[in-house]
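Structure first, then comments.
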Amino acid sequence: MKHLLSLEKLSREDMQAILASTTTIKKERGHHKAQPLAGQTWALMFSKSSTRTRVSFEVGIRELGGQVMFLSSADIQLGRGEPIKDTARVLGRMVHGAVIRTFAQNDVEEFAEYSKIPTVNALTDDEHPCQILTDIFTYQEKRGPIQGKVVTFVGDGACNVPASWIFAAAKLDFELRIAAPKKFQPSADVLKRAGGKITCTEDLAAAAKGADLLYTDVWVSMGKEAESADRLRELAGYQINASIVKQAKSDALVMHCLPAYRGKEIDEQTFEANAQTIFDEAENRLHCQKAIMSWMVS
Ligand code: CP
Ligand code: NVA
């Protein structure tokens, strides 16, 4: 049984296999013969908002021949306190795969254990593995192997998106720099578990110097809304804008997992100047997740 619960637990070989088959799946969209989810129904169980992840999984499951149902936690008994392990044992008897967006990483792990069906982490507080696999695919599609390159993450270095970047860095041999205020740097535990060549600094200009990829994410992740005012104050200055882009390599890419808040983690001009890459990145969620699900059921 294969799951995609985190990049921490995904092997380098599996990561590379998914990235390679994304290329084929993207090329063959609309005329591929394989329908690996034919006869299957997959459930999307989401406790947080989503545009890209929800739409790309719903379309992707259909394109792989499967049926899909969307379950908002507000509508199912989970939202009224039914334990995750009971929800998992019910769904596991009825559907063939699950895609879960929630808060605690332990909830997706417990779901996978109790449901005994292929389970995907579609974002938890700890990781966003589908996003970072897609980002790496997008980088490589435009610039070739990420191995040996310098990726600079700017902003809230302690949230799910940089954590998945951290776990990918050691496995795919690229250098990762995290530019964040002290309070928003990754935990020592995550860094230790990941290994790899990772620098954490408060010096944004130094982190951007010579980078091949500048990357950012929202300053206020889902679930952190109560901290908004403090975060906006403390993260001010950790923005990708023209002066930061100037520090990077002349052919550096600028990427954003979206949704983007202009004037906060990125300025309007820099966002629009890089919109082609950013929306290719968003589209690639579909292709990469089709590769992930095909790998899971193979
Ligand atoms: N990047 C991303 O996961 O977007 P959504 O929250 O819209 O799914
Ligand atoms: N760190 C963000 C990612 C959104 C796709 C969040 O968790 O809200």
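Other residues lying with their Cβ under 11 Å from the Cβ of ARG231 contribute a combined charge of -2, Lys and Arg counting +1, Asp and Glu -1.
Accessible area, 1.4 Å probe, largest first: how do SER250, SER6, SER49, SER11 sort? Spell out each step's value before the answer.
Working: SER250 130, SER6 5, SER49 85, SER11 40 Å².
Largest accessible area first, the residues go SER250, SER49, SER11, SER6.
For VAL90, the solvent-accessible surface computed with a 1.4 Å probe is close to 70 Å², ligands and nucleic acids excluded. Extension gain for ALA34-MET1 works out to 9.9 nm (0.36 nm per residue, less the C-alpha to C-alpha distance).
Please compute the length gained on full extension between LYS116 and ASP203, using 0.36 nm multiplied by the number of residues separating them and subtracting their Cα-Cα distance.
Values: separation 87, 0.36 × 87 = 31.32 nm, distance 4.55 nm.
Contour length minus the Cα-Cα distance gives 26.8 nm.
When the residues ARG231, ARG62, ARG93, ARG177 are ordered by accessible surface, computed with a 1.4 Å probe over the protein chains alone, the sequence from largest down reads ARG93, ARG62, ARG177, ARG231.
Rolling a 1.4 Å probe over the protein heavy atoms leaves CYS200 with an accessible area of roughly 50 Å².
Rounded to the nearest 10 degrees, the inclination of helix 160-172 to the longest alpha-carbon principal axis of the chain is 90 degrees.
Computed from backbone phi with θ = phi - 60° and the Karplus coefficients 6.51, -1.76 and 1.60, the 3J(HN,Hα) list for the range 124-141 is 10, 5, 8, 8, 9, x, 5, 5, 6, 4, 5, 4, 5, 4, 5, 4, 5, 4 Hz; x is used for glycine and proline. Take the Cβ atoms of ARG89 and LEU232, set R0 to 45 Å, and the FRET efficiency comes out at 0.60. Taking each of LYS2/LYS192; LYS27/LYS197; LYS33/LYS290 in turn, the alpha-carbon distance tops 24 angstrom for LYS2/LYS192; LYS27/LYS197.
Given a Förster radius of 35 Å and the C-beta distance between ASN106 and GLN276 as r, what FRET efficiency does 1/(1 + (r/R0)^6) yield to the nearest 0.05? Display every interim value, and only then the final one.
Numbers: r = 38 Å, r/R0 = 1.09.
So the FRET efficiency works out to roughly 0.35.
For Cα pairs less than 8 Å apart in space and 6+ apart in sequence, what is the mean separation divided by the residue count of the range 56-120, i.e. the relative contact order in percent?
29
Would you calculate, for the chain, the mean residue ellipticity at 222 nm contributed by helices, counting each DSSP H stretch of 4 or more residues as -39,500 (n - 2.57) and dividing by all residues, to the nearest 500?
-13000 deg cm²/dmol
Helix 105-115 and the longest principal axis of the C-alpha atoms of the chain enclose an angle of approximately 20°.
The values are calculated or read from the model by the stated rules, or taken from the named source; none is laboratory data. These figures come from a predicted structure and were not determined experimentally. In this analysis, Cβ positions are derived from the backbone assuming ideal geometry, glycine residues included, and neighbour counts consider all displayed protein chains. Heavy atoms of the whole protein, side chains included, go into the accessibility calculation; ligands, DNA and RNA do not. Shrake-Rupley method; radii C 1.70, N 1.55, O 1.52, S 1.80 Å.
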